[in-house]
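Only one structure is covered here, and it is reproduced in the block below.
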Amino acid sequence: MIITGSLVIVCGMLLLGVSVYVAFGAVLMFIAVVGDQSITGYLPTGSTGIRSLVLLAIPLFMIAGGVMEKGRIAAPLVSLAEMFIGHIKGGLSAAAVLACGVFGSISGAANATLTCIGSIMMPHLRQANYPRGQSAALLVCASPLGLLIPPSSSHILYGWIAQQHVLKCFLSTVIPAIILITLLIITNQVMLRKYDNIELKERPKPFLPTLGKQGRLAGPALMMPIIILGGIYGGIMTPTEAAGIAVVYAIPIAIYFYRGLTWRTLAQTIQNSGVTIGVVMVMIFMVLIVSDNLIAQGAPQLAKDMVYSVSDNPIVILLMINVVMILIGMLMDDISGLLLATPILLPIAQSTGMDPIHFAAVIGVNLGMANITPPTAPLLYLGAQVCDTPVSKMLWPTLVFIVFAWLPTLMLTTFIPELALWLPDLLLGK
């Protein structure tokens, strides 16, 4: 009764467009009333959870992403990529995908990646006569690379909930991200064959001196992921400490080197990031409480029984898990979806023999794909605003990228564990 009612309420309210934290707050009220329990009895669960030092990395990375977005730190990275492949047909859009990957490795967020890279690349793509809808769709479909290339806020949460090594969770999606980048570029190249009016960017001459100048300009931006990831995987700093270093490093180069920010606009940027952080932390608070109560009510065992009543074939079970995660991701953002799905679906995945680190990669790809999948697709609608392109023009190209890039990546990640486990085992041991 409580589990069914909770799912009906949260799904119904999210379909009506209600905010995630409000929907889960309504579920909390429902559980308190129907279960005849005091709401205050649930508060320690949420308050203890959000006081975790690990979670401090999430707001810090959000601030770093905001500073990068407003500080013009990504523009030199784009220009550097254009130098190498801008003279090739489709090279400019390939540079956009690579830029999403590099920026995502620093910001760890799909929204920030799409807003920053989309606003930089879309004018260049239009000027070069790239198809408007397809280009916008490509940027939308590449933006979840911010969830896959470490450091990722989602995997910080996953490691914390599943009690797994956060660094291994980070590394689990690196190879899937490389596969996705490759498939996005190939799919886009095939789709561009019918367009003959694309203008190619001339390769600068002399090339090496220009490359040196552009390299010096992009150097501070390129050093940021090197410092962060090198510090984390070198054992010098924790993800939380790395997030703090990212903020400390990003501010001076954004203000004094790239001059995209002033101290006044920095204050506004931090204030805007603070609003987003507040919403995210309230959402985490609500979802933690609801998730804890669903677990107490036996939701994981109920879900497992339902799945095994359909089939006990591991392949079928994993396919059903993927479908459920995509549906969850279509209704809510990646963080709340991960908080809800992990404690319920991870035990089912483990019952098939799946390693929890492997599941980190599967859930990461699933939630990334769900955020661009119509009809809800929050990133699709954000992309329409950022790229100034109607959703109707982006819809079919987005579906093509999902079918020929995202879906193969998901299937490969799900059924070839080595893609998720090889790099963590190589660098950190089993």
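Data for the structure
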quantity	calculated
Accessible surface of the chain, 1.4 Å probe, proportion on carbon and sulfur as whole %	67 percent
Order of exposure, largest accessible area first, which applies to I295, I363, I149 with probe 1.4 Å	I295, I149, I363
GNM result for the chain, Cα springs below 10 Å: residue of R264, R72, R126 fluctuating most strongly	R264
Whole-percent pair-distance distribution, where bins are 10 Å wide, for the alpha carbons of the stretch 85-228	11, 36, 33, 15, 4, 0
Percent RCO, i.e. relative contact order, over the stretch 244-387, from Cα pairs under 8 Å lying at least 6 residues apart	22 percent
Rounded to 10°, Cα long-axis angle of helix 75-85 versus longest principal axis of the chain	70 degrees
Compactness relative to 2.2 N^0.38 Å, alpha carbon Rg of the stretch 276-401	1.18
Placed amide H near A377: partners under 5 Å, 5+ positions off or other chain	none
Projected area, mean over directions - the chain, Cα convex hull, nm²	20.9 nm²
For the stretch 351-430, Kirkwood radius (reciprocal of mean inverse C-alpha pair distance, Å)	14.2 Å
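The values are calculated or read from the model by the stated rules, or taken from the named source; none is laboratory data. All of these numbers come straight from a predicted model, not from anything done at the bench. Heads up: the accessible areas ignore ligands, DNA and RNA and are worked out on the full protein's heavy atoms, side chains in. Shrake-Rupley method; radii C 1.70, N 1.55, O 1.52, S 1.80 Å.
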